[in-house]
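The values are calculated or read from the model by the stated rules, or taken from the named source; none is laboratory data. Keep in mind that what you see is a predicted model, and the values were worked out from it rather than measured. Positions of Cβ are backbone-derived with ideal geometry, glycine not excepted, and every protein chain shown enters the neighbour counts. Heavy atoms of the whole protein, side chains included, go into the accessibility calculation; ligands, DNA and RNA do not. Shrake-Rupley method; radii C 1.70, N 1.55, O 1.52, S 1.80 Å.
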Amino acid sequence: MQDTTELFLNIIERVKGFDSVNTRKWFEDLVVLQFDGGMLEVGCPDQDKAQFLRDNCLANFTKAAQGATGHLVSVRFGVTGQKLSYAEPKLSQWSLKLHPDYTFENFVVGPCNRLAHASCVAVSHSPGDTYNPLFLYGSVGLGKTHLQHAICHGLRYKKPDAKIRFLSCEEFVNRFINSIEHGKLSEFQNKFRTVDLLVIDDIQFLREREQSQEEFFHMFNALYNNRKQIVLTADCAPGELPSLEDRLISRFKWGLVARLDAPSYETRIAIVQKKAHLRGLDISEEIATYIAGKVHANIRELEGALTIIYATAKTSGEEISLQMAKHALGEQEVLTQKNITITEIINAVTDYYDVRLSDLQSKKRSQSIALPRQICMFLARQMTRHSLEEIGGHLGGRDHTTVMHACGKIKDMSIDDQHMRKQLEELTSSIRTV
Ligand code: ADP
Ligand code: MG
């Protein structure tokens, strides 16, 4: 019979082959804590990694162990150096669950996120001190959640007994509603108001939740007055948060508000390399450059591109080469979407409605001009990554609230008005095929 080390290497190789998304370089650091034939206990470097494996890889480890040994094996994950009890550690409802990938170390800093990153590092070093609250905003996939995890990792490392609560806004609202339903409001309040660090993701979901806003307002004050740290994220700036009470919005601006922008080409290259390294992949600079040039939108899509390349390499048995990467990505329609400019949008709209650019940029408010202008703003918001201010700038120097209002109006119309929907569809497809 092969020795345990060899067998375990075989298992890891199989796991990597099954699932390219959840393979990490640190799998090399896993060890066998115990193997008695029917039960394999795997030791991980820390609790977050053990939890990652339980959440994402248990089925594949079990399948791999079965494949490598030829019989049924059940797999458990524990932490190296800690005694593994047979009952897997039960995570209490409130325990902090952090993604092992989302650390400062794994975060690439560039001009698009330098301020956000620096403020997060500062907060994790001295919570409640400098930037309170810290408010991060930016569109989807730009690293807000990653940075929140990194703050928690950082603080927990520095002060293992710091009380940290990290949850999504939806979770916050659900727990609040639950606590009312079960007559446990004061327990809920205690749990939150006694923390050192409160982190809430996607706070925009508080809109139209009046009671939750009220509760959050009091919680905010209690924490703030006790110099406890609050970190929030949203998909837009505090002032743009729709239907949120003014007194909350003004508090969000008390500390530091930091925006995350889409990464530049150079930053995208560095991110691709970092992500590849995390997964234990060797990709040349040539390939990283190619991916970064091809995928413009958010960072999640960059990771998606890597996954496709890796999976293709695994299934075909090919080495990862530039040619192979091109072939693998060539079939991904989403990746080949071209970068659309505001000018292209404006040209399409002026053609479609037979208006002049100078009219769109003028102060004219007649419906025949105002509507196409608003449609331009809406489409520019949907199809480009320009800020509200930049879009306003292209359309006669209008300010961001005007653009925001236009976007909201056209969006509502596109839901209620079939005729508008059809116009938008026709415009969108003509812009995409220019
Ligand atoms: P958001 O919360 O802003 O929607 P996430 O934090 O979920 O975005 O990030 C999406 C993915 O992109 C995650 O896998 C994250 O690790 C990655 N990511 C975002 N920004 C960076 C960065 N600067 N460096 C490395 N990875 C990043
Ligand atoms: Mg997020």
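Points worth noting:
- Under the Debye formula (equal points on every Cα, no solvent term), log10 I(q)/I(0) of the stretch 2-79 at q = 0.15, 0.25 Å⁻¹: -0.42, -1.32
- Rounded to whole Å, sorted largest first: equivalent-ellipsoid semi-axes of the stretch 342-432, Cα gyration tensor: 17, 14, 14
- Largest-first ordering by accessible area, 1.4 Å probe, given options Ile203, Ile415: Ile415, Ile203
- Selection from Val272, Gly330, Ala262 lying farthest towards where the dipole of the chain points positive, charges on Cβ: Ala262
- Pairwise label distance in nanometres, Glu286 with Phe217, each label 7 Å out on the Cα-Cβ vector: 6.2
- Nearest-0.05 FRET efficiency for Asp46 and His71, computed from C-beta distance (R0 30 Å): 0.45
- Contour excess over end-to-end distance, with Cα ends at Gln382 and Val109 and 0.36 nm allotted per residue: 95.7 nm
- Within a Gaussian network of the chain (alpha carbon springs, distance under 10 Å), most fluctuating of Lys422, Lys144, Lys163: Lys422
- Accessible area in square angstrom per residue, the chain, 1.4 angstrom probe: 50
- Potential lengthening of the chain between Ala270 and Lys25 amounts to 86.5 nm, from the contour at 0.36 nm per residue minus the alpha-carbon distance.
- Point-to-point label distance, Met324-Asn225, nm (Cα→Cβ direction, 7 Å offset): 6.3
- Alpha-carbon radius of gyration plus Dmax, which is the widest Cα pair, for the chain in Å: 25.3, 84
- Counting only protein chain heavy atoms and rolling a 1.4 Å probe, the accessible areas of Glu285, Glu319, Glu170, Glu303 rank, largest first, as Glu319, Glu285, Glu170, Glu303.
- Panel note: the C-alpha atoms of the stretch 114-259, placed on their principal axes, show extents of 42, 36, 27 Å (largest first).
- Rg over Rh for the stretch 11-149 works out to 1.07, using Cα positions for both radii and the Kirkwood form for Rh.
- From the C-alpha gyration tensor of the stretch 263-314, square roots of 5λ in Å: 16, 11, 10
- Spin-label proximity, Asp246 to the stretch 204-239 - amide N less than 16 Å from point 7 Å beyond Cα toward beta carbon: 239
- Highest mobility in the GNM of the chain, judged by mean-square fluctuation with C-alpha springs under 10 Å and restricted to Asn60, Asn113, Asn178, is found for Asn178.
- Gyration tensor (alpha-carbon) shape descriptor, the stretch 226-355, a/c threshold 1.5: oblate
- Efficiency of FRET between Lys97 and Val140 - r from beta-carbon atoms, R0 25 angstrom, step 0.05: 0.75
- Under 16 Å from a label point set 7 Å out along the Cα-to-Cβ vector of Thr80, the amide N atoms of the stretch 1-38 belong to 5-6, 8-9, 12, 24-35.
- Using C-alpha pairs below 8 Å separated by at least 6 residues, the relative contact order for the chain is 13 percent.
- Charge dipole of the chain about the Cα centre (unit charges at C-beta), most positive-ward option of Leu40, Leu136, Ile249: Ile249
- Fraction of beta bridges assigned by DSSP in the chain that are antiparallel (%, nearest 5): 15
- Multiplying the residue separation of Glu390 and His405 by 0.36 nm and subtracting their alpha-carbon distance yields 3.9 nm.
- Surface composition of the chain: carbon and sulfur make up 49 percent of the accessible area, probe 1.4 Å.
- Lys228 exposes around 60 Å² of accessible area when a 1.4 Å probe is run over every protein chain in place.
- For Val75, solvent-accessible area (1.4 Å; no DNA, RNA or ligand), Å²: 10
- Counting only Cβ charges, +1 for Lys and Arg and -1 for Asp and Glu, the dipole size of the chain around its Cα centre is about 920 debye.
- Label-to-label distance for Lys253 and Ala118 is 2.2 nm, based on points extended 7 Å past Cα in the beta-carbon direction.
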